[in-house]
Amino acid sequence: MKNVLVTGGAGFIGSNFIRYLLDVEKNVQVFNLDALTYAGSLENLKDLPDPLRYTFIKGDITDQSFLDAVLRERQVDTIVHFAAESHVDRSILGPAQFMHTNIIGTFTLLEAARKYWLQENDFPRDQIRFHHISTDEVFGSLAPGEPAWTEETPYAPNSPYAASKASSDHLVRSYGHTYGLPYSLTNCSNNYGPYHFPEKLIPLIILSALDEKALPVYGDGQQIRDWLHVEDHCRAIHLVVTKGANGSSYNIGGENQPANLTIVETICDILDELKPRTNGNPYRELIQFVKDRPGHDRRYAMDSSRIQRELGWSPRHTLKDGLCDTVNWYLSHPEWVLAIRKQQDYQAWLTKNYDTREKTS
Ligand code: NAD
Ligand code: DAU
């Protein structure tokens, strides 16, 4: 690994990964290719360790000639592909962009890798790697008591977002099978932590509470996600890219599976301690049940035993400590929060998704 192209590195997980990679790999050059959509911000990449080994390249993963040139000019040997449209609710209200970015974008990037690595050059296969970041949502939804998903569980995506990610996973696998493109794939559960864009549950609840706004809980709030701190995810990705076998996929989960309502209540309790409301009342009184997400997956759970067994990975953050650190991070980064609050697209999204949503309690 010498010249690493990270796509989507200005987003939540990508920016955390770049910070992690520069810290643990002292000899790599990191190229961050990002289109800077509403979800990407260079504010996420301030104060990088060793910034001289980092270069930002603004561009779109659906632009073939641009990608071809980047791979050639930067002599890329490793691709870590995060760039995607990532929010399920947005995929329900506007699926087209998800198909374009997540499917066509991944296809275009695979083509660029195939041309540069396998056609124009004949790189030793153990010196190149296409690593694709995917999600547990490709597996669908679990009933209570059903066992956690393994790497062998058949795909059954339910939302347009999940279907677009499943398609991209299949494309990656097919390039490995057909062309011999060296690849690896990770399917991860819900991340949380610093730089999380506040359209997603945890940061949305933190910022809404601080604004004294209603805390929207979809349906009965008993849906279950498998929460993982983003640093644990980044460590897992690095292990898979550097030590995971070619053609392998790994499930990554946090072993933290409380219901959404419990997550929201826990954040309220942490804020009661760290930043009590001026009226002295508990934040929990802001909780508002609202109309459910259409097709809402009920339960996710990942069986991470393969990555634990083969690569020695396990999560280091407990959910309680991780949530405390995360709330503290948002409280101590008011400029970052302000920059997002000022974003027109973000305000328009809040209006579109929440203002006319039926209240159910
Ligand atoms: P994010 O929405 O925070 O960031 C996505 C980034 O991709 C942004 O910087 C955006 O500007 C960039 N991007 C979007 N379209 C692009 C394009 N056409 N060309 C170049 N860049 C583009 O997403 P995230 O939460 O950091 O997720 C990153 C990846 O991890 C995604 O592939 C997502 O499916 C996957 N994932 C996320 C989670 C999670 O909990 N957030 C869990 C599992 C997997
Ligand atoms: O599981 C991995 C996935 O996790 C990633 O692939 C996605 O990119 C990421 O966005 C995330 O998807 P979710 O839909 O699970 O995350 P979100 O934060 O949007 O929602 C978490 C849960 O909280 C979900 O059950 C819906 C619920 N929710 C969400 C929002 C935004 C609410 O109850 N109210 C809300 O306002």
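Sort out which residues of the range 18-52 are touching a strand residue (DSSP E or B) at 6+ places or on another chain (Cβ under 7 Å), closer than 22 Å to K2 by Cα and open to solvent by 50 Å² or more (accessible area, probe 1.4 Å), and write them in order of number.
Q29
Given the residues D60, D50, D23, D68, which is the only one that is on the phi > 0 side of the Ramachandran plot and not aliphatic (A, V, I, L, M)?
On the way: D60 fails: on the phi > 0 side of the Ramachandran plot; D23 fails: on the phi > 0 side of the Ramachandran plot; D68 fails: on the phi > 0 side of the Ramachandran plot.
From the options D60, D50, D23, D68, the qualifying one is D50.
Among the residues of the range 42-90, which ones are in contact with a helix residue (DSSP H, G or I) (Cβ under 8 Å, 6 or more places away or on another chain) and of a type in the set (D, E, K, R)?
Listed by number, the residues that qualify are E43, D50, R53, D60, D63, D68, R72, D77, E85, D89, R90.
Go through the range 214-249 and give me each residue that's more than 14 Å from ligand 1 (Cβ to nearest atom), part of a loop (DSSP other than H, G, I, E, B) and of a type in the set (A, V, I, L, M, F, W, C).
Residues satisfying the conditions are A214, A245.
Every residue, every condition in (1) among the aromatic types (F, W, Y); (2) in a loop (DSSP other than H, G, I, E, B); (3) in the same structural domain as R284 (by TED's automatic domain parsing), yes or no:
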| position | (1), (2), (3) |
| --- | --- |
| T153 | no, yes, no |
| Y161 | yes, no, no |
| Y175 | yes, no, no |
| L181 | no, yes, no |
| E212 | no, yes, yes |
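With open to solvent by 10 Å² or more (accessible area, probe 1.4 Å) and more than 10 Å from ligand 1 (Cβ to nearest atom) as the only criterion, which of F130, F82, F123 stands out?
Step by step, each of F130, F82, F123 is checked, and only F123 is open to solvent by 10 Å² or more (accessible area, probe 1.4 Å) and more than 10 Å from ligand 1 (Cβ to nearest atom).
Within the group S361, S304, S332, which residue is at pLDDT 95 or above and loosely packed, with under 11 Cβ neighbours inside 10 Å?
Unique residue meeting the criteria: S332.
Working only within the range 56-79, note down all residues that are open to solvent by less than 40 Å² (accessible area, probe 1.4 Å), over 18 Å from the mean Cα position of the chain (by Cα) and more than 10 Å from ligand 1 (Cβ to nearest atom).
Those that are open to solvent by less than 40 Å² (accessible area, probe 1.4 Å), over 18 Å from the mean Cα position of the chain (by Cα) and more than 10 Å from ligand 1 (Cβ to nearest atom): D68, A69, V70, L71, V76, D77, T78.
Working only within the range 85-120, note down all residues that are over 16 Å from Y38 (Cα atoms) and of a type in the set (D, E, K, R).
E111, R114, K115, E120
Mind checking which residues of the range 147-172 are in contact (Cβ under 8 Å) with a residue 60 or more places away in the chain and either of a type in the set (F, W, Y) or open to solvent by 50 Å² or more (accessible area, probe 1.4 Å) (or both)?
Selection gives P147, W149, N158, Y161.
Out of the residues in the range 50-80 meeting the condition of being of a type outside the set (A, V, I, L, M, F, W, C) and part of a strand (DSSP E or B), tell me which one is farthest from V241 (Cα to Cα).
Step by step, filter the range 50-80, then rank; the result is K58.
The values are calculated or read from the model by the stated rules, or taken from the named source; none is laboratory data. Because the structure is predicted, anything quoted here is derived from the model rather than measured. Quick reminder, even Gly has a Cβ in these numbers, built from the backbone with ideal geometry, and neighbours come from all protein chains shown. The accessibility values were calculated without ligands, DNA or RNA, using every heavy atom of the protein model including side chains. Shrake-Rupley method; radii C 1.70, N 1.55, O 1.52, S 1.80 Å.
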